[in-house]
1. Can you find a residue that is over 21 Å from Lys102 (Cα atoms), among the hydrophobic types (A, V, I, L, M, F, W, C) and free of Cβ contacts under 8 Å to residues at least 60 places away in the same chain anywhere in region 163-174?
2. Among the residues of region 69-84, write down those that are within 20 Å of Asn145 (Cα to Cα) and either in a strand (DSSP E or B) or not hydrophobic (A, V, I, L, M, F, W, C) (or both).
3. Given the residues Val66, Val31, which is the only one that is more than 30 Å from Leu185 (Cβ to Cβ) and modelled with pLDDT of 95 or more?
4. Just checking, how many residues over region 102-114 are buried (at least 19 other Cβ atoms within 10 Å of the Cβ) and touching a strand residue (DSSP E or B) at 6+ places or on another chain (Cβ under 8 Å)?
5. Mind checking which residues of region 32-56 are closer than 19 Å to Asn78 by Cβ and crowded, with 16+ Cβ neighbours inside 10 Å?
6. Would you check which residues across region 57-86 are of a type in the set (S, T, N, Q), over 13 Å from Glu115 (Cβ atoms) and surrounded by fewer than 17 Cβ atoms within 10 Å (Cβ to Cβ) and list them?
7. State whether one or more residues within region 142-152 are part of a loop (DSSP other than H, G, I, E, B), of a type outside the set (D, E, K, R) and touching a helix residue (DSSP H, G or I) at 6+ places or on another chain (Cβ under 9 Å).
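The values are calculated or read from the model by the stated rules, or taken from the named source; none is laboratory data. Fair warning: this is a prediction, and the values are worked out from it, not measured in the lab. Glycine gets a Cβ as well: all are built from the backbone with ideal geometry, and neighbour counts include every protein chain shown.
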Amino acid sequence: MKTRILLSLLLLVCSNAIFAIVSEIEKKVLVDLYNSTEGNNWNTSWDLNEPVESWYGVTVENDKVVRLDLSINNLKGNLPINLGDLTSLQSINLHKNNLTGKIPSSLGSILTLKELNMSFNQLNGEIPRTIGNAHSLEIISLFMNRLEGAIPIEIGGLTQLKKLVLYNNNLSGSIPNEIGALENLIELHLSRNRFSGIVPLEITNLKGLKILSVFDNYMIGIN
């Protein structure tokens, strides 16, 4: 009898070690993403009855979703507004799908996020100002969308940023002086937008900058 109890306890411990216990909040975000982007038509879909850690493109560590890579997977539709509830996310890659609508402002609440890649979609609206709150961001890739409006000045708070890639959008206004606060920036890609005015003198503060691309805009020079 004791042997059976011990075996049962051992199996329980092993099961907990093998299967992560993702919170209902995080699972709901993923299910909302699945439903809002026609998950049943993805190139590689999810079986919602299986454990979250078995879902394609989802990486779980310590019961938290830390990476989401659904690039080139035929996602169609809008992103759910609660995407920011994946509060331990380090990387999100949704490159080259058919996403429409706006970038969820809730992404700014993910303080662990290092890479945000939503390039090569059909996203519109403005870059949310809240993005400036995600202080761990190192890479932002939003090129080849339909984004509008100005670069938010709050982006100056992303002092860990190394790459800002925004080419081929409909962004306008002037390049904010706050860009000069991105002391770790290596690449700045702003070409083929509708930026006007001048390249701010603060750009010269970026000692590690190796690529500055601003062609095909309406700019008139450097301050």
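1. No, that holds for no residue.
2. Asp69, Ser71, Asn73, Asn74, Lys76, Gly77, Asn78, Pro80
3. Val31
4. Count: 2.
5. Passing the criteria: Asp32, Leu33, Tyr34, Ser36, Thr37, Gly39, Trp42, Trp46.
6. Of everything in region 57-86, those that are of a type in the set (S, T, N, Q), over 13 Å from Glu115 (Cβ atoms) and surrounded by fewer than 17 Cβ atoms within 10 Å (Cβ to Cβ) turn out to be Asn62, Asn74, Asn78, Asn82.
7. yes
Results for (1) within 18 Å of Ser109 (Cα to Cα); (2) surrounded by fewer than 20 Cβ atoms within 10 Å (Cβ to Cβ); (3) free of Cβ contacts under 8 Å to residues at least 24 places away in the same chain, shown as yes or no for each residue.
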position	(1), (2), (3)
Gly157	yes, yes, no
Pro176	no, yes, no
Ile179	no, no, no
Glu202	no, yes, no
